[in-house]
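Chemist: Before we start, here is the structure in question, set down as structure tokens.
Here, each number is a calculation from the coordinates, and none is a lab measurement. What you are looking at is a predicted structure, and each value in this text was computed from that prediction instead of being measured. Note: ideal-geometry Cβ built from the backbone for every residue, glycine included; neighbour counts use all protein chains shown.
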Amino acid sequence: MRLNTKASVIALAATSVLGAGSAWADAHAWSLEKAAEPYAGTEVNLLFLDRPGYAAALEMIPEFEEKTGIKINTTTVPYENALGEQVRDFVAGGDIDIALIDLVWIGNFAENDWIVPISKFTGNADLADPELDMEDFFPLTLNAFGGWDGEIYGLPFDNYSGLMFYNSCMLKEAGFDGPPETWQELMDDYGPALTKDGKYAFALQSKRNETQSADSFARMLWPFGGSFLNAEFRSNLNSEESQTGLKFRQDLMKYMPEGIVAWDHAETVNGLAQGDIGIITEWSSFYSTLVSPETSTLGDCLAVAAEPAGPAGRKPALGGFSLAVASQADDAEQAAGYLFIQWVTSKANAERYVRAGGVSARQSVYEDPAIREEFKFVPALVESWQEGVPEFRPRFAEWPEITEIVQEWGTKMMLGEVSTEDGATEIGKRMEAVLDQAGYYGGDKPLAQ
């Protein structure tokens, strides 16, 4: 065969050019290691909580440190201390470089300029991973956990939804094929059938802290059509719908353990795990505790479903955190902190995070059939994040003051020290005083939560 010499030369030249282009692209492709080179040796400080999602991240951090030379210093604190410690640190110009932001703290942190908009880093080609894919986050979680007033500050980390966990074996023995579809079914049918011989149908964590205000009080508002505030930012707690929910909670207590008002998450999860409670509504992050043979006796009896529906439909609890760069950090700490946030919440690491016990806010990881089959909570979780209530707890900066009021009077209601009507009136009065002083009624602040 005779070769066309001219064509061969052109083809060879084209191959050389393409090869050179590919080599150039490989040499200049973004990588975590290259992005981190200027910040090797930088130390980044942040707070963690003693919860499964943080344990999962702690397993991952050594790999990040090895790849980048950046040191991640975490201090584990109780949830109840996390807000105060960070606020004091930011006010004093301390050494926290990454803010851990609960859903209800985002307004406070953003309005005080303690955190930096994510756009500062996503707009920097040296730092921004081309595979970040912000659209892969569930929109509800990205906006609720990390967004404020149209700006995204943090990326979702340690993400929760309220789910119904139950002992399918206990329910089957009582004659039930599955869990209650509605709160009323739980009260009327499951309550009497499961509460006997020292065991109880239900446990609603209600300890006087954020557990009371969010996990107990708020959980009974939304499914019954109630809410904390109306459109004018006035208390809605004495509305017929809110009162129906709060009275329902009082009635449901007869199917809960004595002393439930002092139960926090640990006691509630353990009650189900040890076979003493039939049904709980708890955060999705506790799945790893309930499924582990080291912390649970349930085994194959553990089952998960969406929270029961009320007259207003299913309105599951929404909670979780984001990680955001602190404005008080210097330039190197900010860059290093962002690289860690981007990496630990990445699509590439989502499966690893989930398998280690965390709950990712990445949509793609839950599309994996293997993940859906292995982790029983996934279908209910995905359902709950389609139509959650972002203002399940108001997200404005004044929530920390209001939650203290709700905790006090919500506890008094459950203990029977005040009626639901009188307690709601007192909360409403004090809540509106906080909002008035903050400037909502005078037009200084928009009516946004």
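Chemist: Could you rank the peptides 217-229, 51-63, 339-351 by their average count of other C-beta atoms within 10 Å per residue, with the highest value first?
Modeler: 217-229, 339-351, 51-63
Chemist: What is the sum of charges, Lys and Arg at +1 and Asp and Glu at -1, for the other residues whose Cβ falls under 13 Å from the Cβ of I427?
Modeler: -3
Chemist: How much length, in nm to one decimal, is gained on full extension between Q386 and E135, taken as 0.36 nm per residue of separation minus their Cα-Cα distance?
Modeler: Using 0.36 nm per residue and subtracting the Cα-Cα distance, I get 88.9 nm.
Chemist: Sorted by mean Cβ packing within 10 Å, highest first, what order do the peptides 75-87, 255-267, 108-120 take?
Modeler: The packing order, highest mean first, is 108-120, 255-267, 75-87.
Chemist: Same structure again: Among the lysines, select those whose C-alpha is under 30 Å from the C-alpha of K120, and discard any that sit fewer than 8 residues away in the same chain.
Modeler: Counting by Cα, and skipping residues close in sequence, K120 has these lysines nearby: K34, K67, K71, K347, K445.
Chemist: First select every other residue whose beta carbon is under 12 angstrom from the beta carbon of K199; then total the charges, Lys and Arg +1, Asp and Glu -1.
Modeler: With Lys, Arg at +1 and Asp, Glu at -1, the net is -2.
Chemist: Continuing with this model, one more query. If I compute Rg and Dmax of the Cα atoms in Å from the structure I just sent, which labelled value in (1) 31.2, 110; (2) 25.1, 102; (3) 22.0, 70 lines up?
Modeler: (2)
Chemist: Looking at the square roots a ≥ b ≥ c of the eigenvalues of the Cα gyration tensor of segment 313-359, which shape do they give, rounded for a/c under 1.5, prolate if a/b is larger than b/c, or oblate?
Modeler: Judged from the Cα gyration tensor, segment 313-359 comes out oblate (a/c at least 1.5, b/c at or above a/b).
Chemist: Under the Karplus relation 6.51 cos²θ - 1.76 cosθ + 1.60, θ = phi - 60°, what is the ordered set of whole-Hz ³J(HN,Hα) values for segment 416-430, x standing for Gly and Pro?
Modeler: For segment 416-430, the Karplus-derived couplings read x, 7, 9, 6, 5, 5, 5, x, 5, 4, 5, 4, x, 4, 6 Hz, x marking Gly and Pro.
Chemist: Run the quick spin-label model on Q250 and D50: label points 7 Å from Cα toward the beta carbon, then report their separation in nm to one decimal.
Modeler: Label-label distance for Q250 and D50, simple model: 3.6 nm.
Chemist: By count of other Cβ within 10 Å, fewest leading, how are M413, M134 ordered?
Modeler: M134, M413
Chemist: From the Cα gyration tensor of segment 257-393, with a ≥ b ≥ c the square roots of its eigenvalues, which class applies: rounded if a/c is under 1.5, or else prolate if a/b is larger than b/c, or else oblate?
Modeler: prolate
Chemist: Which percent, nearest 5, of DSSP beta bridges in the chain are antiparallel?
Modeler: 75 percent
Chemist: Compute the relative contact order of the chain as a whole-number percentage, counting only Cα pairs closer than 8 Å that sit 6 or more residues apart in sequence.
Modeler: Contact order relative to length: 24 percent.
Chemist: Using the Karplus equation 6.51 cos²θ - 1.76 cosθ + 1.60 (θ = phi - 60°), what ³J(HN,Hα) coupling, rounded to whole Hz, does each residue of segment 387-401 give in order, writing x for Gly and Pro?
Modeler: Per residue, the Karplus-derived 3J(HN,Hα) values read 9, x, 10, x, 9, 3, 10, x, 9, 6, 5, 8, 4, x, 6 Hz.
Chemist: Here's another thing I want to ask about it. Taking neighbour Cβ counts within 10 Å as the exposure measure, how do L132, L127 sort from fewest upward?
Modeler: L132, L127
Chemist: Sticking with this one: As a check on your grasp of the helix formula, calculate [θ] at 222 nm for the chain: sum -39500 (n - 2.57) over DSSP H runs of n ≥ 4, divide by the residue count, round to the nearest 500.
Modeler: So the helix-based figure for the chain works out to -12000 deg cm²/dmol.
Chemist: What list of ³J(HN,Hα) couplings, whole Hz, do you get for segment 318-333 from phi and the Karplus terms 6.51, -1.76, 1.60, once you set θ to phi - 60° and write x for glycine and proline?
Modeler: In residue order, the calculated couplings are 10, x, x, 10, 10, 10, 9, 6, 7, 5, 6, 5, 6, 4, 5, 5 Hz.
Chemist: Can you give the extra length, in nm with one decimal, that the chain gains between A92 and E367 once fully stretched, where that is 0.36 nm per residue apart less the Cα-Cα distance?
Modeler: Gain on stretching A92 to E367: 94.6 nm.
Chemist: Can you give me the relative contact order of segment 295-431 as a percent, contacts being Cα pairs under 8 Å and 6 or more apart?
Modeler: 22 percent
Chemist: Within a 10 angstrom radius of the beta carbon, how do Y338, Y39 rank from fewest other beta carbons to most?
Modeler: Fewest-to-most ranking of Y338, Y39: Y39, Y338.
Chemist: Given the peptides 160-166, 302-308, 440-446, 31-37, arrange them by the average over their residues of other C-beta atoms within 10 Å, most packed first.
Modeler: 160-166, 302-308, 31-37, 440-446
Chemist: Now for a separate question. Run the numbers for Q184 and Y441: contour at 0.36 nm per residue of separation, minus the present Cα-Cα distance, in nm.
Modeler: Extra length from Q184 to Y441 when fully extended: 88.8 nm.
Chemist: Here is a further query. With a Förster radius of 60 Å, plug the Cβ-Cβ distance of N112 and E267 into 1/(1 + (r/R0)^6) and report the FRET value to the nearest 0.05.
Modeler: Working from the Cβ atoms, E equals 0.95.
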